[in-house]
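I have placed the structure first, in the form of C-alpha cells, so that the comments after it can refer back to it.
Nothing in this text is a laboratory measurement; each read-out follows from the coordinates by a stated rule. Given the structure is predicted, the values throughout are model-derived calculations rather than measurements. Here the Cβ is made from the backbone with ideal geometry for all residues, glycine too, and neighbour counts use every protein chain on show.
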Amino acid sequence: MNRFKIVSVNVSLEKGTEKHPVVEAAVSLEGLEGDAHAGDWHRQVSLLDIESIEAFAMKTGIEINPGDFGENITTRGGDFSALAPGDRMSGEGGLTMVVTQLGKECHGDGCSIYRRVGKCVMPARGVFCRVESPGVLREGASLSVTPPESGRGERVES
C-alpha cells in the first residue's frame, strides 16, 4: 500500500502565495478550513513531496520551506509516481480525498515562488485532490492510498 507521512500542513489566505505551516487543519467538504483554495472545485487540496522540494533547493541553491510552492500538504515517503486520478487518500477522523489531477499549468508571474526563483515544481510533481469525507490533517500523521473505483480526473503534462 502506498503511504505518505505528513511533514507539514500549510494554509494561506490568498491564492498564488506561499502557504504557512499549521500544526493541524480541519478539512471540510470544501477543503482545508482557512485556506484560499477551499471551495467547490477539483483542486481543493494540493500535495507535494519533501523530496522534490529538497532536490529543487539543492539544484537552485535557494532555501525552500514546506508550503513555499503553495502546497497544502508536504509529504515524505510513498510513491507519487504511482498515483493516478481516482486514487483515494485516507487520513485521520474519516478523511478521504480523491486524486483529481497530477501536475498543473504554471501561473508564471502570478505565483510568488515563480517570481522569486523563475521556476516551480508543482507543474511536474504536484498532486491535487477533492475532499470526499471530512476529517483532520495533522503534522506527523499518515495518508494511505487505495486504488480508484473508477478513473476520474486528468493528468496534466508540463
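If I take every Cα pair under 8 Å that is 6 or more residues apart in region 1-110, average their sequence separation and divide by the length, what percent do I get for the relative contact order? Please report the intermediate quantities before stating the final value.
Values: 181 pairs, mean separation 32.0, N = 110.
RCO, region 1-110: 29 percent.
List the chymotrypsin sites (Phe, Trp or Tyr not before Pro) within region 1-107 that fall in a DSSP loop (any state other than H, G, I, E or B) and whose Cβ has at most 15 other Cβ atoms within 10 Å. Walk me through the intermediate numbers first.
Values: sites: Phe4, Trp41, Phe56, Phe69, Phe80; in loops: Trp41, Phe69.
Of the chymotrypsin sites (Phe, Trp or Tyr not before Pro), the ones in loops of region 1-107 whose Cβ has at most 15 other Cβ atoms within 10 Å are Trp41.
Treating only the Cβ of Lys, Arg, Asp and Glu as charged (+1, +1, -1, -1), what charge dipole size does the chain show about its Cα centre? Round to the nearest 20 debye.
Working: 17 positive and 23 negative charges, 60 e Å.
Around 280 debye, computed over the chain.
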>> Which residue fluctuates most in the GNM of the chain (Cα springs below 10 Å): Val127, Val22, Val99?
In response: Val22
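Do any GluC sites (Glu not before Pro) in region 1-107 lie in a DSSP loop with no more than 14 other beta carbon atoms within 10 Å, and if so, which? Please report the intermediate quantities before stating the final value.
Numbers: sites: Glu14, Glu18, Glu24, Glu30, Glu33, Glu51, Glu54, Glu63, Glu71, Glu92, Glu105; in loops: Glu14, Glu18, Glu30, Glu33, Glu63, Glu71, Glu105.
When the GluC sites (Glu not before Pro) of region 1-107 are filtered for loop state and at most 14 Cβ neighbours within 10 Å, Glu14, Glu33, Glu63, Glu105 remain.
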> Roughly what would the spin-label model give for Ala55 and Leu13, points 7 Å off Cα along C-beta, in nm?
Replying inline: 3.5
> DSSP beta bridges in the chain, what fraction antiparallel, as a percent rounded to 5?
Replying inline: 85
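Taking 0.36 nm per residue of sequence separation and subtracting the Cα-Cα distance, how much length would be gained by fully extending the chain between Ser28 and Trp41, in nm to one decimal?
Working: separation 13, 0.36 × 13 = 4.68 nm, distance 1.29 nm.
Extra length from Ser28 to Trp41 when fully extended: 3.4 nm.
How much length is gained if the chain between Arg3 and His20 is pulled fully straight, taking 0.36 nm per residue apart and subtracting their Cα-Cα distance, in nm to one decimal?
Numbers: separation 17, 0.36 × 17 = 6.12 nm, distance 2.37 nm.
3.8 nm is the gain from fully extending Arg3 to His20.
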> What residue among Asp49, Asp40, Asp87 has the largest mean-square fluctuation in a Gaussian network model of the chain, using Cα springs under 10 Å?
Replying inline: Asp40
